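The values are calculated or read from the model by the stated rules, or taken from the named source; none is laboratory data. For clarity, every value in this text was computed on a predicted model and none was experimentally measured. Don't worry about glycine lacking a Cβ; one is built from the backbone with ideal geometry, like all the others, and counts go over all protein chains shown.
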């Protein structure tokens, strides 16, 4: 298996396939941001969600936190 730093494209993979890892990341201070949270104010006013938008999220954290939690999680598997 390979470990990839989460971006918008793999945050959903972690959520769907490794919910325990997501729980640990959130418990250690990582934040999961919805697509709409990244929109500029000018676009938020006219934004109308479409099906699937709720699946577009981003995980944010300090790199050291992300690596520590992922390494700890992988060691227990």
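Can you confirm whether segment 9-18 contains a residue that is touching a helix residue (DSSP H, G or I) at 6+ places or on another chain (Cβ under 9 Å), modelled with pLDDT of 90 or more and over 20 Å from residue 77 (Cβ atoms)?
Looking for residues that are touching a helix residue (DSSP H, G or I) at 6+ places or on another chain (Cβ under 9 Å), modelled with pLDDT of 90 or more and over 20 Å from residue 77 (Cβ atoms), one finds none in segment 9-18, hence no.
For segment 44-51, state whether one or more residues are at pLDDT 90 or above and in contact with a strand residue (DSSP E or B) (Cβ under 9 Å, 6 or more places away or on another chain).
no
Within segment 19-32, track down each residue that is surrounded by 13 or more Cβ atoms within 10 Å (Cβ to Cβ) and in contact (Cβ under 8 Å) with a residue 40 or more places away in the chain.
21, 24, 25, 28
Restricting the search to segment 33-77, which residues are over 19 Å from residue 23 (Cβ atoms), touching a residue at least 24 places away in the same chain (Cβ under 8 Å) and outside any helix (DSSP H, G or I)?
Within segment 33-77, 56 is the sole residue that qualifies.
Residue check: is residue 37 at pLDDT 85 or above and in contact with a helix residue (DSSP H, G or I) (Cβ under 7 Å, 6 or more places away or on another chain)?
In short, no.
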